[in-house]
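Written out below as structure tokens is the structure these notes cover.
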């Protein structure tokens, strides 16, 4: 699972108010090259929760994304490359996603998070 | 004028269509992206008989023909039989018959400068399928060839990991074309399974995301004969495609996306589970259940009716697509109960296309293409669903219609409201 996916997900247990973002407990993180596409990054940026991406990247061993992003930075190759790396090249292979409200752990195994709720959580 | 020659995957159906493409370059570009298109011809002549064809070619503008009939350009003439196979002997006979055209060109069979095509349409039988091409001959110069090579490049039999419901390669590419998937898009398949639609989307350069409720299909895959693991990741790797941004085990009925997530996707392309080959499942609520060990607990699921599944699909698409983004999915249709007004609707989505693919004499499926035309409004959507009421559709009884013997009362077909109550096959792992 890449951090683009992490940025979209939240805990949807019935009654949970603040299920976003999942806290990542990494066991195995891989770095896998992905095609660098500045247009995709500029297109996707306004749809992301930036703070959650910065924190997730730091947890996964890539700290240093700036807290604020300006229009100029979205034209800057150095910034876009670090954004690209955090969003699409850090892969959570093994570990878990932890609901910030309930502490419920959703396991990530072989890169696939299991977000299916149990019968008593729906 | 350019003649558009379309080849349909269930034989040849309404296969010849005439279109005007003024600029050869555009025809070439269109052909390059097309899957169902055989190619574009600059049409030099046509006719039902050889005499008519010859007269038609002779009457065609010398000004257009002459530049292509020069000794400096190598050529080959391809004889295409439509509706039946043309054997070697007939082929050479037809080549000879075309000698009235003053070709000066040297013949070169591999990679010639020009390809001429003689199409002989003769569909005397289409195995009971509707509509065939009328008997006729066409001759012209090829100006673009459809991109049918992707079908062999991604052919299922050669794929590392596949399952019984893997979308066939040709259709997966057609679906991505309907969804206008292109480089830099973000494409989601909520019923990803073995990922064949995502493979096609990734081929076009999209970033992909897949979900499925069946974790064994999505994540675990299987071992091949030499003990290597064959799974979704392996498919992307062997094709040299971008690994999906995520494959997540989730329930389409309870999508695990944050409330604030909107307009992030360019396309949703999927083949929802319908129960003819793989029945839909969703999670179920049992508030009083005591889960002793969350790590080992196996969650039970409940059946997911098609009407409900499609309502969820349209709603999540309406929310997550950008305006102008497309939803493309297959809707099963039993010929006897299909009603156009039952094709699900949504206030934010507009129906673009509804194309039938005949599968058997009793069962077909329809490729539905919708486009997001308005931004998503939760209240409007909720009110619309409220007004629509029970989402159950007549085709929720598709499995029984397809598999059960037909019942007639007074010569009229009786369609049972509910699927027949049969014991379900369950695998050992369930």
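With more than 13 Å from chain A (Cβ to nearest Cβ), touching a helix residue (DSSP H, G or I) at 6+ places or on another chain (Cβ under 6 Å) and closer than 22 Å to residue B:163 by Cβ as the only criterion, which of B:280, B:246 stands out? Give the steps one after another, and end with the answer.
Details: B:246 fails: more than 13 Å from chain A (Cβ to nearest Cβ).
Answer to the selection: B:280.
Identify all residues within segment A:36-64 that are surrounded by fewer than 13 Cβ atoms within 10 Å (Cβ to Cβ) and within 13 Å of another protein chain (Cβ to nearest Cβ); write none if there are none.
Scanning segment A:36-64 gives A:39, A:46, A:51.
Quick one: would you say residue B:251 is surrounded by fewer than 22 Cβ atoms within 10 Å (Cβ to Cβ), out of contact with any helix residue (DSSP H, G or I) (no Cβ under 8 Å at 6 or more places or on another chain) and either at pLDDT below 95 or not assigned by TED's automatic domain parsing to the domain that holds residue B:309 (or both)?
Spelling it out, it is not the case that residue B:251 is surrounded by fewer than 22 Cβ atoms within 10 Å (Cβ to Cβ), out of contact with any helix residue (DSSP H, G or I) (no Cβ under 8 Å at 6 or more places or on another chain) and either at pLDDT below 95 or not assigned by TED's automatic domain parsing to the domain that holds residue B:309 (or both).
Report whether or not residue A:72 is more than 14 Å from chain B (Cβ to nearest Cβ), touching a helix residue (DSSP H, G or I) at 6+ places or on another chain (Cβ under 7 Å) and closer than 26 Å to residue A:33 by Cα.
When the stated conditions are applied, residue A:72 does not pass them.
All but one of (1) at pLDDT 75 or above; (2) in the same structural domain as residue B:189 (by TED's automatic domain parsing) hold for residue B:276; which doesn't?
(1)
Which condition from (1) surrounded by fewer than 20 Cβ atoms within 10 Å (Cβ to Cβ); (2) within 12 Å of chain B (Cβ to nearest Cβ); (3) under 13 Å from the mean Cα position of the chain (by Cα) is the one that residue A:98 breaks?
With (1) surrounded by fewer than 20 Cβ atoms within 10 Å (Cβ to Cβ); (2) within 12 Å of chain B (Cβ to nearest Cβ); (3) under 13 Å from the mean Cα position of the chain (by Cα) applied to residue A:98, the lone miss is (2).
Go through segment B:347-391 and count every residue that is farther than 16 Å from residue B:317 by Cα and assigned to a helix (DSSP H, G or I).
4
I need a count of the residues in segment B:99-116 that are buried (at least 19 other Cβ atoms within 10 Å of the Cβ) and either touching a residue at least 40 places away in the same chain (Cβ under 8 Å) or more than 7 Å from residue B:75 (Cβ to Cβ) (or both).
Qualifying residue count, segment B:99-116: 1.
The rows are residues; the columns are (1) under 18 Å from residue A:15 (Cα atoms); (2) surrounded by fewer than 17 Cβ atoms within 10 Å (Cβ to Cβ).
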site: A:74; (1), (2): no, yes
site: A:87; (1), (2): no, no
site: A:90; (1), (2): no, no
site: A:103; (1), (2): yes, yes
site: A:108; (1), (2): no, no
site: A:113; (1), (2): no, no
site: A:122; (1), (2): yes, no
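Please tell me if residue B:221 is on the phi > 0 side of the Ramachandran plot and assigned by TED's automatic domain parsing to the domain that holds residue B:171.
Answer is yes for this residue.
How many residues, within segment A:1-31, are more than 7 Å from chain B (Cβ to nearest Cβ) and touching a residue at least 12 places away in the same chain (Cβ under 8 Å)? Steps first, please.
Applying the first criterion (more than 7 Å from chain B (Cβ to nearest Cβ)) to segment A:1-31 yields A:3, A:6-7, A:11, A:13-19, A:21-31.
Subsequent filtering for residues that are touching a residue at least 12 places away in the same chain (Cβ under 8 Å) retains A:3, A:6-7, A:11, A:13-14, A:16-19, A:21-31.
Residues that pass the stated criteria total 21.
Which residues, counting only those in segment B:217-246, are loosely packed, with under 14 Cβ neighbours inside 10 Å and without any contact (Cβ under 8 Å) to a residue 12 or more places away in the chain?
B:223, B:225, B:226, B:227, B:228, B:237, B:240
Kindly indicate which of B:76, B:65 is touching a strand residue (DSSP E or B) at 6+ places or on another chain (Cβ under 8 Å), modelled with pLDDT of 85 or more, farther than 13 Å from residue B:137 by Cα and part of a helix (DSSP H, G or I).
Result of the check over B:76, B:65: B:65.
Being in contact (Cβ under 8 Å) with a residue 24 or more places away in the chain and surrounded by fewer than 24 Cβ atoms within 10 Å (Cβ to Cβ) is the filter here; which residues of segment B:170-185 pass it?
Of everything in segment B:170-185, those that are in contact (Cβ under 8 Å) with a residue 24 or more places away in the chain and surrounded by fewer than 24 Cβ atoms within 10 Å (Cβ to Cβ) turn out to be B:170, B:171, B:174, B:177, B:178, B:180, B:182, B:185.
Restricted to segment B:155-190, and to residues that are within 14 Å of another protein chain (Cβ to nearest Cβ) and assigned to a loop (DSSP other than H, G, I, E, B), which residue is nearest to residue A:112 (Cα to Cα)?
Of everything passing the filter in segment B:155-190, B:190 is nearest to residue A:112 (Cα to Cα).
Residues being in contact with a strand residue (DSSP E or B) (Cβ under 8 Å, 6 or more places away or on another chain), surrounded by fewer than 21 Cβ atoms within 10 Å (Cβ to Cβ) and outside any helix (DSSP H, G or I): count how many of those fall in segment B:199-216.
The number of residues fulfilling the criteria is 1.
Looking at residue B:316, is it more than 8 Å from chain A (Cβ to nearest Cβ), without any contact (Cβ under 8 Å) to a residue 40 or more places away in the chain and either closer than 25 Å to residue A:99 by Cα or surrounded by fewer than 23 Cβ atoms within 10 Å (Cβ to Cβ) (or both)?
The answer is no for residue B:316.
Looking at (1) closer than 21 Å to residue B:212 by Cα; (2) surrounded by 18 or more Cβ atoms within 10 Å (Cβ to Cβ); (3) within 14 Å of chain A (Cβ to nearest Cβ), which one does residue B:294 not meet, given that it meets all the others?
Among (1) closer than 21 Å to residue B:212 by Cα; (2) surrounded by 18 or more Cβ atoms within 10 Å (Cβ to Cβ); (3) within 14 Å of chain A (Cβ to nearest Cβ), the lone unmet condition for residue B:294 is (2).
Answer yes or no as to whether residue B:262 is surrounded by fewer than 23 Cβ atoms within 10 Å (Cβ to Cβ), in contact (Cβ under 8 Å) with a residue 24 or more places away in the chain and within 14 Å of another protein chain (Cβ to nearest Cβ).
yes
Identify the single condition in (1) part of a loop (DSSP other than H, G, I, E, B); (2) touching a residue at least 60 places away in the same chain (Cβ under 8 Å); (3) more than 10 Å from chain B (Cβ to nearest Cβ) that residue A:67 does not satisfy, given that it satisfies every other one.
Here residue A:67 meets the rest and fails (2).
The values are calculated or read from the model by the stated rules, or taken from the named source; none is laboratory data. Quantities reported herein were computed from a predicted structural model and do not represent experimental measurements. Because the Cβ atoms are built from the backbone with ideal geometry, glycine has one as well, and the counts that use them run over all protein chains shown.
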